[in-house]
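Enquirer: First the structure, which I've put down as structure tokens, then a few questions once you've had a look.
Each reported figure results from applying straightforward, stated rules to the coordinates on display, with no laboratory input. Here the structure is a predicted model, which means the values were calculated and not measured.
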């Protein structure tokens, strides 16, 4: 029977005193203890390099991660790849130097990644922008962090990538911005929100934050100086203005509208009239025409008026002409000046009429208050504006516009006088009656100044006040005088000012006399029918610094020709709508004779307009002027004075309208037809 083998015990290694030890081991141990007495371990530890410490710590960490191994003697220890360092080797300086060199080689910098060409980076940016934009277009609420990712791509130092980024952001924001203004989320402590509401709030806050940063980026690029680019490439500032103009017309209701308007108004304050200037001006004109609520228009007008005041009205004429596109002023029914605005329902002292109070109980008042709060919240949710709020904004805009017009009128800024008179002529029906007297005196001063300028030009005296080259314009004094006359008569149209003439002491005879004296000079004006878009060659013999028609050609708002202004003035003088039967016969006869003489000199279209006006005068006041065509009914004595300074001094009933015989043989068939129609009207009267 097999026996079980006996268990072997672990044998302890023999000690120094054991019989297996030799004398050489004892000598080595004795020498070791003898030399250890002279060791300075602290100094040696301090001199140990830091790199050796790091290497040792790394080895210890690696050793700690290994499993222990059982040795042949039966003990357990961690196996190390490198041999252990003895005390003698640790104290050896040569070993330290070798370790330092090894560490420096191990920590050498890694080779740099290969650089990508600029074209490849642009293509990579295009792919990333397209990917992010697609995600936002598909479901923007699922990717609220994509707005920051878009902005991060725009931080590239490559200008082409920056251009692509701001255009992509503009397109994305234009598509994802909602139709309401996002208010800051006021989340009360302890308020429980559903998952959908919290998701929507997170998305809205991310949208507002990203949009704010994007507008700051646009402002930075728009104010950056234009650097030279390759041929055909737009500078980044021009692209920034394009993005701002697109957003102000697409989403004018959204947050940070003021930042967009400041970008455009800052460009309009410059004296350089480039494509970006025209782009910004057209964007604001579109905003004025399409704004129904009035908030955006009021904010834009406020910024423009403050900018012009700060620049001391040294801006281009087209900036002031933007006020002619205000939709709110075209629909306003009140009257205003630079300080106050009155409405049709207001009393004479400017106070609102008293409303009779209705008795309500305490409970009814409480319910009415709650209902008003609910209606206010619903109005904000629906983005609707009440009629009272709209009228308030219209009044504020009207005061700012008139204040600007009156300041320029008082300062007599030469290059803006035409634009101011155009604006006053259009909005004259909105001017308060209490301001008529001051405004008419200012218009008279302008006409007197225009007459003095004409006299100085005839005498050859140079003008002492010279404008800068960029703002210098050739003033068309005859046109400005017509605009003053149109404005003066427009004050009486569309309101009850003619009923209060005795109280206001309005005397328009100065304007009538000036119009009569200017008829003959206007008849020989070669630019009579030239408007803003008319093509006209400059006279090579003209030694002046510019041409009035050429100056008006750059104006895209004022399209009325001098003939149209003249017809408006003559219609107000001869056929006033407020009291058409009150025109004296002497004035009618004097103007009729002058207009018949003028029709022989003016171009054919202007001649048709003059004959058409005379046809209406004959139809209304035929019996008062029929003596001009019938010599047997002449009632005047003396001679006719066509160059008289006054209408009454011309003595028109001492002459005869002989110009009709020449008009009967006019080269234009339409002029001949118009004269035949006028003769037919005369035969019915005589």
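Enquirer: What is the log10 of I(q)/I(0) for region 583-686, computed with the Debye formula using one identical point scatterer on each Cα and no solvent, at q = 0.16, 0.20 Å⁻¹?
Expert: So the normalised log intensities work out to -0.66, -1.03.
Enquirer: Kindly give the semi-axes, whole Å and largest first, of the ellipsoid equivalent to region 239-313, taking each as the square root of 5 times a Cα gyration tensor eigenvalue. Provide the component values of the computation, followed by the final result.
Expert: Working: eigenvalues 68, 46, 21 Å².
Calculated on Cα positions only, the semi-axes equal 18, 15, 10 Å.
Enquirer: Taking Cα pairs under 8 Å and at least six residues apart, what relative contact order does region 268-328 come out at, in percent?
Expert: On the way: 38 pairs, mean separation 31.5, N = 61.
In percent, rounded to a whole number, it is 52.
Enquirer: How far is the Cα center of region 611-686 from the Cα center of region 139-202, in Å?
Expert: Between the Cα centres of region 611-686 and region 139-202 lies a distance of 74 Å.
Enquirer: For region 583-686, what does the relative contact order come out to in percent, with C-alpha contacts under 8 Å and a separation of six or more?
Expert: Details: 114 pairs, mean separation 35.2, N = 104.
Across region 583-686, relative contact order equals 34 percent.
Enquirer: Another question, if that's okay. Quick one: Debye curve from the alpha-carbon atoms of region 201-332 only, equal weights, vacuum; give me log10 I(q)/I(0) at q = 0.10, 0.15, 0.21 Å⁻¹ to two decimals.
Expert: For region 201-332 at q = 0.10, 0.15, 0.21 Å⁻¹, log10 I(q)/I(0) is -0.34, -0.74, -1.29.
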